[in-house]
Amino acid sequence: MNQVNNMQKSWQYTIYPQFHGWKIDEYKKLTSIPVEVIEQRMEENRQKRLLGAFEGEEEILASLPTEFDWRNKNGACIGEVRDQQHCGSCWAFSGTSTLSDRLCIASGGSNSPVLSPQELVDCDTSGAHGCHGAMLTSAWD
């Protein structure tokens, strides 16, 4: 945690006490994603690391700048902070914010749309669980 915070200054990595020490079953209550799916994805990533699927990762990390603040690079394409309240729709907020930012960047800052996470939550047909959580990939489906 300190290593990450020492590498950059635009945000602060922290441990949220309300989640610290939770077991995977406790997270499942927030997301409604089957524990088996979460565990499967964690195992797949572990296997990829063991098999060297992330070969070259250290070189890539070493090539990254020691400091980067997107506000200094393209501040016009940073959307407002939005509040999802008690709705487990981070997948929808992340998806719409990412797409909004990418559209802004592609237009050179001239088009900065605000896309609706509520539309994804209300209209999803990909198997996401609305306010009960989903994986970010549900926003792209």
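None of the figures in this text is laboratory data; all of them are computed from the coordinates on show. Fair warning: this is a prediction, and the values are worked out from it, not measured in the lab. For neighbour counting, all protein chains shown are included, and Cβ atoms are generated from backbone atoms with ideal geometry for every residue, glycine included.
Here is how the numbers come out for the structure above:
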| read-out | value |
| --- | --- |
| Cα gyration tensor shape of the stretch 82-141, rounded if a/c is under 1.5, else prolate or oblate by comparing a/b with b/c | prolate |
| Calculated [θ] (222 nm, deg cm²/dmol) that DSSP helices of n ≥ 4 give over the chain, each run adding -39,500 (n - 2.57) | -14000 deg cm²/dmol |
| Relative contact order [Cα under 8 Å, 6+ residues apart], the chain, whole percent | 24 |
| Gain upon complete extension [Arg46, Ser63; 0.36 nm per residue less C-alpha separation] | 3.8 nm |
| Volume of the Cα convex hull of the stretch 56-119, divided per residue and given in Å³ | 137 |
| Given the chain, longest segment not containing exposed loop trypsin sites (Lys or Arg not before Pro) (DSSP; at most 13 other Cβ within 10 Å) | 83-141 |
